[in-house]
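Student: I have a structure here, written as C-alpha cells, and I will follow up with some questions on it.
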Amino acid sequence: MDGTATTTDLDVRLEKHRTELTGYCYRMLGSSFEAEDAVQDTMVRAWRNYEKFEGRSSLRSWLYRIATNVCLDMLTAGNKRARPMDLSESTPLTQAALSPRPDHTWLEPMPDNRILPTVEDPADAAVAKETVRLAFMAALQQLPPKQRAVLILREVLAWKASEVAELLDTSVASVNSALQRARATLAEREEHGADAAVSDPLDEEQQKLLDRYVKAFEGYDMTALTALLHEDAIMSMPPFDLWLTGHDDITGFMTTLGSACEGSRLLPVQVNGLPGFAQYKPDPEKGGYSPWAVQVLEISDGRLTGFHFFLDTQRWFPLFGLPLHLEAEADEIEKGV
C-alpha cells in the first residue's frame, strides 16, 4: 500500500464490514467483549496481510475466513457460555440464594446496533434478530466450534456449501454433514414459546404490554406484574446461577431478596433482537439512580415468558452507551422521593 489515500481507503473498506463481522463473532463466541476483540484482531490481521490478498475471493469472504480462524482459536479452550437455565434446575423461592459464577460462564447480552447491520428487506432483518436471541444463542454454544461456524454461515448468512467448504478448507460433503449434525442438535434443544411471537417492529399489543410492564415495575405493583407474566415465566440474573420459574416465585423474590429494586426507573434498549430496559435503582448515598441491570424480555402470546437481568453494570452500561447515573426528576425532589 502506498500513500495516505490508499491507507484511508482500506480503512473505510474494512470498517464497512465491522458490524456484520461482530455479529458473526458474537454468535460464535457468545461474548460481547470477546466478539469485539475478535473483530479487532481480524482487522489488524487483514491490515498486516492485505498485500498478500490476491483477490481470488471478495474482501468480505477473506475477512470472514480470518474472523473464523480467530474465533476457532479462541474456542480451543472448550468453554461453552450458557444461561443459568442451561446449568441447573430452577430453584424454589424458599431455597433461593445468590451464588455468582465467573464471567466466562455466561452468555452475554449485546446491543442490536453493534451486531445487526442495516438491511432493506424487513424479512432479512427479522431473521437476523431471531438468530441473536438468547435462546438461539444458548443453543449455538452447545455445538462444537466448526459445526457452529458451518451452521451460522449456511443458515444465518446463507452462504453456499461450496463457499463454506472453501472458507474452512474442507469438502462440500464435510460441510453438509456438519450442518446436518448441527441441525439435529438444535432440534433437540428447540424451545417452544420463548419469544416466538415477538414481531419486528413490535406490534401495537406488544408495545402496550411493554408499557404496562414499565408501569408495573416502576410502581413495584406485584399484582399488575403478575397479570403480565406467563404462569411458567422464567427470571434469571447472571452472574448468579439462581433462576426462578412462575409468577409467584418471581414476585415473591422481588418483594424479599430483590426488594431494593423498588422505586427503580427503566430506560428502553434494543438488545439481542428483543425488547429490553436499562434498570436504575434508587441511590440512597448520591441521590438519583444508579445502574442495576440490563433487562432482556421474552414475549409470547401476549405475556412475558422470560425476563433476564444482566447485573454487571460497569461492563454493560458503557457497552450500551448508557449513563452511569440518573438524576432525580424535579417532581421527585419536590415530593422528597
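Derivation of every value follows stated rules applied to the coordinates shown; laboratory data play no part. Worth saying up front: this structure is predicted, and the values here are computed from it rather than measured. As a convention, Cβ positions derive from the backbone with ideal geometry for all residues, glycine included, and neighbour counts pool all protein chains shown.
Student: What net charge is computed for the residues neighbouring H230, neighbours being all others with C-beta under 10 Å from the C-beta of H230, Lys and Arg scored +1, Asp and Glu -1?
Tutor: Numbers: positive: R303; negative: E231, D232, E298, D301.
Its environment carries a net charge of -3.
Student: Here's another thing I want to ask about it. Exceeding 28 Å between C-alpha atoms, which entries from my cross-link table qualify? They are K129/K160; K52/K160; K215/K286; K52/K80; K16/K52.
Tutor: On the way: K129/K160 21 Å; K52/K160 25 Å; K215/K286 25 Å; K52/K80 34 Å; K16/K52 20 Å.
Violating the 28 Å Cα-Cα cut-off are K52/K80.
Student: Tally Lys/Arg at +1 and Asp/Glu at -1 over every other residue whose Cβ is under 10 Å from the Cβ of T91; what's the total?
Tutor: Values: positive: none; negative: E89, D241, D249.
Net charge around T91: -3.
Student: Taking the simple approach of a point 7 Å from Cα along Cα-to-Cβ for both R45 and S58, what is their distance in nm?
Tutor: 2.0 nm
Student: I want to check the label-to-label distance for D169 and L10. Put each point 7 Å from Cα in the C-beta direction and report it in nm to one decimal.
Tutor: With each label point 7 Å from Cα toward Cβ, the separation is 2.3 nm.
Student: Then there's this: When the helix-only estimate is applied to the chain (DSSP H runs of n ≥ 4, each -39,500 (n - 2.57), divided by the residue count), what is the mean residue ellipticity at 222 nm, nearest 500 deg cm²/dmol? Don't skip to the end; give the middle numbers.
Tutor: Details: 16 runs with 159 residues, N = 337.
Rounded to the nearest 500, the figure is -14000 deg cm²/dmol.
Student: So what is the relative contact order for the chain, in percent, with contacts set as C-alpha pairs under 8 Å and at least six apart?
Tutor: On the way: 484 pairs, mean separation 57.9, N = 337.
Once normalised by length, the contact order is 17 percent.
Student: Further, regarding this structure: To the nearest Å, what is the center-to-center distance of the stretch 99-145 and the stretch 31-96, using C-alpha atoms only?
Tutor: The distance from the Cα centre of the stretch 99-145 to that of the stretch 31-96 comes to 12 Å.
Student: Which order do peptides 224-230, 11-17 fall in by mean Cβ count within 10 Å, highest first?
Tutor: Values: 224-230: 17.9, 11-17: 14.0.
Ranked from most to least packed, the peptides come out as 224-230, 11-17.
Student: Which shape class applies to the stretch 112-193: rounded if a/c is under 1.5, otherwise prolate when a/b exceeds b/c and oblate if not, where a ≥ b ≥ c are the square roots of the Cα gyration tensor eigenvalues?
Tutor: On the way: a/c = 2.16, a/b = 1.26, b/c = 1.71.
Judged from the Cα gyration tensor, the stretch 112-193 comes out oblate (a/c at least 1.5, b/c at or above a/b).
Student: FRET efficiency for D221 and L267, Cβ-Cβ distance as r, R0 = 25 Å, nearest 0.05? Could the numbers behind the result be given before it?
Tutor: Values: r = 19 Å, r/R0 = 0.77.
Using R0 = 25 Å, I get an efficiency of 0.85.
Student: Could you check the simple spin-label distance between Q142 and K208, using points 7 Å along Cα→Cβ, in nm with one decimal?
Tutor: Going by the 7 Å Cα→Cβ label model, 3.6 nm.
Student: Any chance you could give the angle, 0 to 90 degrees and rounded to 10, that helix 32-49 forms with the longest Cα principal axis of the chain?
Tutor: 20 degrees
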